[in-house]
1. For the chain, what does -39500 (n - 2.57) per DSSP helix run (n ≥ 4), summed and divided by total residues, give at 222 nm, in deg cm²/dmol to the nearest 500?
2. Let a ≥ b ≥ c be the square roots of the eigenvalues of the Cα gyration tensor of the chain; is it rounded (a/c under 1.5), or, if not, prolate (a/b larger than b/c) or oblate?
3. Which one of L129, C153, G82 is farthest out on the positive end of the charge dipole of region 42-160, using unit charges on Cβ (Lys, Arg +1; Asp, Glu -1) and the Cα centre as origin?
4. Give, rounded to the nearest 20 debye, the magnitude of the charge dipole that region 19-155 has about its Cα centre when Lys and Arg contribute +1 at Cβ and Asp and Glu contribute -1 at Cβ.
5. Within 10 Å, Cβ to Cβ, of N23, how many net charges do the neighbouring residues add up to if Lys/Arg are +1 and Asp/Glu are -1?
6. Looking at the chain, identify the longest residue range that excludes and avoids all GluC sites (Glu not before Pro) in DSSP loops having at most 14 other Cβ atoms within 10 Å.
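Only the coordinates and a few stated rules stand behind these numbers; no lab work does. Keep in mind the model is a prediction, meaning the values are calculated, not measured. As a convention, Cβ positions derive from the backbone with ideal geometry for all residues, glycine included, and neighbour counts pool all protein chains shown.
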Amino acid sequence: MLNSANPENKIKTLHSLNIVFWNANGVRNRSADIRNFLEEHSPDIFLIQETKLRPEINFSIPNYDVYRTDRPQRNNAPIKGGGTGILIKKSLPHHHIPPPQFHSSEATSISLNLTNKDPFTVTSIYIPLDTDPTLYTLGLETLIQLGPNPIICGDFNAQH
């Protein structure tokens with residue numbers, strides 16, 4: 001933090017990072033709730049599961065970069081549920097990691113390389129309830145290998 005008593009200290013040092021994750025069950029009708037939450041709590045990173053967005057729908061939030069992985073359409077069937085997203089403050093040095101191709105889960109990932117900190121990855125994940133445990137495990141192993149010091153948060157639908 002800036003110390004106003006010491007004018008030589010002009011560099012903001014990040015001592016903590018606030019990460020929030022939320023199963024939204026759809027963000028289109030909740031964008032006002034999301035904006036209010038972000039204004040009130042100002043998390044550095046906001047992970048969302050079950051965004052239920054389609055590629056043609058624009059979703060943006062002031063002061064945040066938005067990355068998302070929408071559920072793909074299969075066999076011309078209507079897209080239902082799913083989708084993940086990450087909102088990260090524009091001031092944080094980061095880059096988006098293209099999502100691996102999963103048939104068992106959905107994930108959005110970013111990599112952060114903060115000054116004087118070890119680099120790490122953050123992933124928002126959604127795993128549908130009926131996912132085969134073998135595919136579930138393979139998906140997690142893939143996400144762990146995306147980058148150093150992985151943080152994986154989300155809806156694992158872990159019923160047991």
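1. For the chain, the value works out to -4500 deg cm²/dmol.
2. prolate
3. Positive-end residue among those listed: G82.
4. Its charge dipole is roughly 360 debye.
5. Once positives and negatives cancel, what remains is -2.
6. 57-160
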